[in-house]
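Scroll down for the structure; my scribbles are underneath it.
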Amino acid sequence: MAVPQQTSGGATEAPSDGLLADIEARATEMAREAGAILAGHFSRGKLEVEFKDEKQRDPVTNADKECQELLEHAIAKHFPDHGVLGEEGEDKEAEESPAPDFVWVLDPLDGTKNFMGGLPVYASSVGVMHRGVPIVGAVFIPWPSDGGGVVLHARKGGGAFAEDEPISVSDAKEPQGNSLVTVPGSFGSAYRFRKPMRGKVGEVRVTGSIAYELAMTARGVIQYAVTTGPHLWDVAGGVVLVAEAGGLIMRRRRGDRLGGLIPETRWEPMKSFVPNWDSSVPAMKELRRWSASMVLGGPGVVRYVTSNLRPRRLLRHRLRRAVWGWRGKRGRTAH
């Protein structure tokens with residue numbers, strides 16, 4: 001994967017409405033074509049599977065690779081000066097380069113294990129950011145329609161749509177106990193809700209596809225979604241959908257007191273994946289390492305949830321770790 005060199009040395013003007021509309025149209029077309037590839041493989045049920053890790057927990061299929069190739073070729077054709085960051089096809093040498101102003105962030109198949117198992121809960125996500133700011137998103141998801149799926153798409157300032165139908169997030173003022181929410185499987189070990197959330201957490205679902213969850217949040221099917229450690233490609237397309245559907249994205253800012261013994265959590269509105277881009281342009285490999293906890297959904301619901309969401313790590317566990325570290329250092333010094 002070739003990555004163009006950075007061409008601007010400081011802050012630049014935001015993309016014009018015309019350029020944003022063009023990028024959105026292209027991204028929507030790409031997501032639809034990728035979705036058609038996935039639907040074809042899904043209906044046949046035969047996949048070539050490889051694993052990216054020794055424990056065989058991180059699969060990649062020929063469907064993933066075909067979609068990635070299609071998306072990369074389309075971007076190179078229409079936007080040759082833009083960068084591409086995809087879950088598949090990492091080029092370690094190229095990713096040492098500074099990121100260009102425009103970066104397309106691709107997850108050709110989010111929910112690979114669902115897809116392999118025959119569960120139609122997956123997505124193909126195309127996100128575009130300009131100097132770290134998410135500006136365009138297009139996400140294909142399976143849907144009971146004539147084409148077997150639908151593309152949700154949005155551009156900054158242009159609203160969000162499922163094909164041609166405007167969509168919006170849940171308009172509830174606070175979480176509803178009988179409405180759907182999504183959290184990752186690791187949520188219980190990472191966070192806890194405070195007492196005001198009792199009876200208001202909602203009907204919890206774990207889908208196995210973050211991009212799918214964000215699309216459903218933008219459509220108002222899910223009242224709020226929590227992510228605890230997504231990669232950039234999991235969320236780059238979906239955050240634009242949620243924001244343009246009238247939603248709020250809150251990102252966790254971490255801090256510590258007493259030398260790291262007491263964790264502090266601040267939830268702040270997220271407007272950029274890389275807030276300090278203008279002062280320090282990241283390398284593509286840094287974007288690949290991006291990760292942050294987020295809560296997304298209707299503004300009232302998200303503010304209520306984040307004000308009552310706390311990290312679960314207990315003080316005694318941190319004290320124990322600090323003591324172990326101190327003993328280790330003392331032992332090494334003694335020898």
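The values are calculated or read from the model by the stated rules, or taken from the named source; none is laboratory data. Bear in mind the structure is a predicted one, so any value in this text is a computation, not a measurement. Don't worry about glycine lacking a Cβ; one is built from the backbone with ideal geometry, like all the others, and counts go over all protein chains shown.
Numbers at a glance
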| read-out | value |
| --- | --- |
| Qualifying positions in the range 177-199 - assigned to a loop (DSSP other than H, G, I, E, B) and either surrounded by fewer than 17 Cβ atoms within 10 Å (Cβ to Cβ) or in contact with a Lys or Arg (Cβ under 7 Å, 6 or more places away or on another chain) (or both) | GLY177, ASN178, GLY185, SER186, ARG194, ARG198, GLY199 |
| Members of the range 91-143 found to be acidic (Asp, Glu) and part of a helix (DSSP H, G or I), listed by number | GLU95, GLU96 |
| Close pairs from the range 1-27: first surrounded by fewer than 17 Cβ atoms within 10 Å (Cβ to Cβ) and part of a helix (DSSP H, G or I), partner of a type in the set (Lys, Arg) and at pLDDT 95 or above, Cβ under 8 Å, at least 6 apart | ALA21/ARG155 |
| Residues that are outside any loop (DSSP other than H, G, I, E, B) and touching a Gly at 6+ places or on another chain (Cβ under 8 Å), drawn from the range 279-303 | MET284, LEU296, GLY297, PRO299, VAL302 |
| Sole exception among (1) aliphatic (A, V, I, L, M); (2) within 17 Å of LEU309 (Cβ to Cβ); (3) in a helix (DSSP H, G or I) for VAL226, by number | (3) |
| Conditions (1) charged (D, E, K, R); (2) in contact with a Gly (Cβ under 8 Å, 6 or more places away or on another chain); (3) surrounded by fewer than 24 Cβ atoms within 10 Å (Cβ to Cβ); (4) farther than 14 Å from THR306 by Cα; number of the one not met by ARG219 | (2) |
